[in-house]
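A short write-up of the structure that comes next.
Quick note: the coordinates plus some simple rules give every number you see, no bench work behind them. Not measured: the values here are computed from a predicted model. Counting neighbours? That spans all protein chains shown, and the Cβs are built from the backbone with ideal geometry, glycine included.
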Amino acid sequence: LPPPTQSDITLGFDSIPGSLTDGVSIPQGYRAQVLAPWGTPLNDKAAPWKDDGSNTSDDQANAVGQNHDGMHFFPLNDAADDGLLCINHEYIEPDALHPTGPSVDPVTGLRTILDEVRKEINAHGVTVVRIKRTNGVWEVIKNDPHNRRFTGATTFDMSGPVAYSDHLVTAFSPDGSQTRGTLNNCGNGSTPWGTYLTCEENWPEYFVNKGEMSAANARIGVATKDTRYGWNHFAGHDEERADEFSRFDITPTGISALYDYRNEANGHGYIVEIDPYSPNQRGIKRTALGRFRHEGCTFGKLEEGKPVVFYSGHDSRFEYLYKYVSDALWSEADANSSNRIATGDKYMNDGTLYVARFDEDGQGEWLPLVPGTVTTDGKTLGEHLGTLADIIVNTAGAADLVGATPMDRPEWCAVDPFTGSVYLTLTNNTRRTEANPANPRLKNSFGHIIRWNEGASDTEFSWDIFVFGSPANGDSETNLSGLTDENQFASPDGLAFDPRGIMWVQTDNGAKEVTEHTNDQMLAVVPSRLLDAEGNQKPLRADNQMELRRFFVGPNDCEVTGVAFSPDYQSLFANIQHPGNWPYSDDATQITPAGISIRPRAATVVISKVDGTEVGV
Ligand code: FEO
Ligand code: CA
Ligand code: CA
Ligand code: CA
C-alpha cells in the first residue's frame, strides 16, 4: 500500500487570544511546566544556580546554557517518558549572566574580568541532558552519564571537503582536522540515523579582523571593529592566554606561530553533528553542507534507494536557501546503525550543495555549487573561486556568482511527512526595495512562509507562498491571508512538523502592529488537509484561515523557538528565549506579580494536557 498523502489529524483546541503578560498562555485543559532553565546543574561539579549571577565559569561549563533555541528529544530504550533533550544556546544576556552586567573598564572600554568571559563562552553551545517523566511531570536527571555540554571552547572534528585543507590550519590544529567551539547555535535539525544537528548562525560577530580580510570572511561579515562581547580583549597575544583567546582576533598581522589563528573563523559557520547517545564521541562539523549563517537543517522526505537531502536557510537580509544532496543512497538499515557518526560520514561528507533560484510562474531551479557550474558572467565557479573547498568556505559568494534568489531572511525549514512539501519561514526584510516573485512585498515587516515540491530531477522544483504574516487590521495589500485577532502573527521563525502532520509555527517578532496585540507565539496548522476542489494543496487564505490556530503565547520580551515532542505526543517542548521577567515559578503560566523583578532565565516549557492525552488534537 502507498503511504497516506494526507494527515487524518484535526486540531482539537480553539485558537487562544493574544497575550501581553509575564507568563505563558495555553489552551483550556492544558498545563505548562518550566524545565531545564539556564544554569540548571547537569552534575555535581556545578553549584546550584544562584539568583545573584555569581555562578562561576566552571559552574556554567557543567550547567544548562543560556538563551535556549532549537531542540530535539531523543528517546532512551524506546520509551516516551525517558530520553535525552538536546538544546541549543544561541547567545547570552550579559546583564542576566553576571551580577551587575559585563565588566568593562570605563576608560579603555576593554573587558576586565577573565572568569566572566570564560562564563560567557561556556553559556553558549549545546546542552545534552537526560530527562524523565513521572506522573506527567518531567525532571532533569542530574549526573546521568549522557549529560554534557558543548561550548564555545569545546574541540570538534572537521569533516567533508574543507577538512585537512589549508583553510583550517591553526596553531591548535596544524593539519586542519579540528577546531574549537560552536557559537550562536540557533535552529537545529536531526538525522534519520538518530543524531542531533546544531546550526552555527551569527558566528561572524565573535571574531575580529582589523587587517586584510579574505573575500569569504568579508562576504560573510566577520567583524572589522570590536566584537559582540569583546572576548578578543583577552587575546593579548601573550603566552599565557595565547591559546585560549588569541583565536578571537584573526587580524593577520603581528602574529607568531604560537598564536597563529588567522584561519580560526574558517572553522565556524557549519552544520555540526552530535551523537547524544555516545557521551565520549566528539561533535563533527559537516563542511559539505556549506559555510554561512545557518539557521536550521532539516532532512527531506526519505526514500529507500534515493539520496538523503538536507535543507538549510541563511538568515540575513537578501540571503539564500540551500539544499544538500548526498552521493550515498538511503538504506533504511542505517536508521538503526550503532555507529551513528560513521553513518553521518556516509551521508554528510560527500554530496552536492545547491542554492535556490525562484523563478516566475511558481517554478524554480537548484544551482549546484561545484567548480564546473557556469556563473552569470559566463565563466565557472572554479575559475572564480578555485576548488570545492574554496567554494564551500565562501558559500554565499559562490551563490552570488550563479544568480541565486535573494530572500527575506530564510529561517527554519520543515518537511510535511505526508506530502514531502518543504516549508521555509522568511522572517522579514524591512530593507527590501525591489520585489521578486518569491519575496513580493516591499519593506516586508511581517514575513511569509514559502513552500515547494521537488521536481523530477535534483535541480527542478515548484513553489507557492503558503501564508503571509500580517496584523489582523492590515489592509488588503497587507493582510493577504485573511488573518484575524485569533491568529495574527508576524516574523515566522521556528518551524517544525510533528509526524502526525501538524506544522508548528513560532515567531520572533519586532513589528509593533502585531506586538501591540500579542507577545511571540506558537501556532498550528495541518497543511496536508487544505486542498482545493481538484485535490491539490492550497495555501492559507481568507476562506480557510481558521485552520491556523494560536496554541501558545510566551511571556513579555521573549521569542518562542525550538520545538520537540515525546514519542507519545503527550508532551510538547518549546523554548522561551530572552524573557524579560520570567519564570516566576515551575508553572510556566504563572504571571510574575507586578512590582516584582526577577533575574530572567531562558527555559524549556513542557506543554501537556491535564488529562494526559495527545497534545494538539
Ligand atoms: Fe537566530 Fe535567525 O534566528
Ligand atoms: Ca531563529
Ligand atoms: Ca529570528
Ligand atoms: Ca533569537
- [ ] May I ask for the Kirkwood hydrodynamic radius of the stretch 455-520, worked out over all distinct Cα pairs and given in angstroms to one decimal?
- [x] 13.6 Å
TODO: Could you work out the local net charge near Met522, counting Lys and Arg as +1, Asp and Glu as -1, over the other residues with Cβ closer than 13 Å to its Cβ?
DONE: -3
- [ ] Might you report the magnitude of the Cβ-based charge dipole of the stretch 249-389 about its Cα centre, with Lys and Arg at +1 and Asp and Glu at -1, to the nearest 20 debye?
- [x] 340 debye
TODO: Assign one of three labels to the chain, namely rounded, prolate or oblate, based on the Cα gyration tensor with a ≥ b ≥ c the square roots of its eigenvalues; rounded applies when a/c is under 1.5, prolate when it is not and a/b is larger than b/c, and oblate otherwise.
DONE: rounded
Task: Viscosity 1.567 mPa s, 4 °C: Kirkwood-radius Stokes-Einstein D of the stretch 44-84 over Cα pairs, µm²/s - done: 103 µm²/s
Task: Rounded to the nearest 20 debye, dipole of the stretch 433-534 from Cβ charges on Lys, Arg, Asp, Glu - done: 120 debye
Open item on the list: Straight-line reach from Lys301: which aspartates and glutamates fall under 12 Å, measuring Cα to Cα and dropping same-chain residues less than 8 apart?
Closed with: Asp416, Glu454
TODO: State, as an integer percentage, the relative contact order of the stretch 52-98 based on alpha-carbon contacts under 8 Å between residues 6 or more apart.
DONE: 41 percent
TODO: Based on the mean of other Cβ atoms within 10 Å per residue, sort peptides 388-400, 147-159, 51-63 so the most packed one is first.
DONE: 388-400, 147-159, 51-63
Open item on the list: Order 199-209, 487-497, 129-139 from most to least packed using the mean count of other Cβ atoms within 10 Å.
Closed with: 487-497, 199-209, 129-139
TODO: Just tell me which lysines come within less than 20 Å, Cα to Cα, of Lys45; anything on the same chain fewer than 8 places away is out.
DONE: Lys119, Lys142
TODO: Compute the normalised compactness of the stretch 89-180: alpha-carbon radius of gyration over 2.2 N^0.38 Å, N being the residue count.
DONE: 1.51
- [ ] Return, for the Cα atoms of the stretch 299-342, the radius of gyration and Dmax in Å, separated by a comma.
- [x] 13.5, 41
Task: For the chain, share of DSSP beta bridges that run antiparallel, in % to the nearest 5 - done: 95 percent
Open item on the list: I'd like the Kirkwood hydrodynamic radius of the stretch 321-396, using the inverse of the mean 1/r over distinct C-alpha pairs, in Å.
Closed with: 14.4 Å
- [ ] Would you mind computing Rg(Cα) / (2.2 N^0.38 Å) for the stretch 496-617, counting N as its residues?
- [x] 1.20
Task: Cα-centred dipole magnitude for the chain, charges only on beta-carbon of K, R (+1) and D, E (-1), debye, nearest 20 - done: 460 debye
TODO: Mind pulling the per residue volume of the convex hull built on the Cα atoms of the stretch 205-337? Å³ is fine.
DONE: 152 Å³
Open item on the list: Suppose we take every Cα in the stretch 447-557 and form the convex hull; what volume per residue is that in Å³?
Closed with: 125 Å³
TODO: Percent of Cα-Cα pairs per 5 Å bin, from 0 to the last occupied bin, for the stretch 72-135, please list those.
DONE: 4, 15, 17, 15, 11, 10, 9, 8, 5, 3, 2, 0
Open item on the list: I'm checking a number: the convex hull volume of the Cα atoms of the stretch 149-253, normalised per residue, in Å³. What is it?
Closed with: 128 Å³
Task: Mean separation of Cα contacts under 8 Å (6+ apart) over length of the chain, as relative contact order % - done: 17 percent
Task: Kirkwood Rh in Å, taken over all unlike Cα pairs in the stretch 1-82 - done: 17.3 Å
Task: Solvent-free Debye scattering, log10 I(q)/I(0), computed from the Cα coordinates of the stretch 341-384 at q = 0.33 Å⁻¹ - done: -1.07
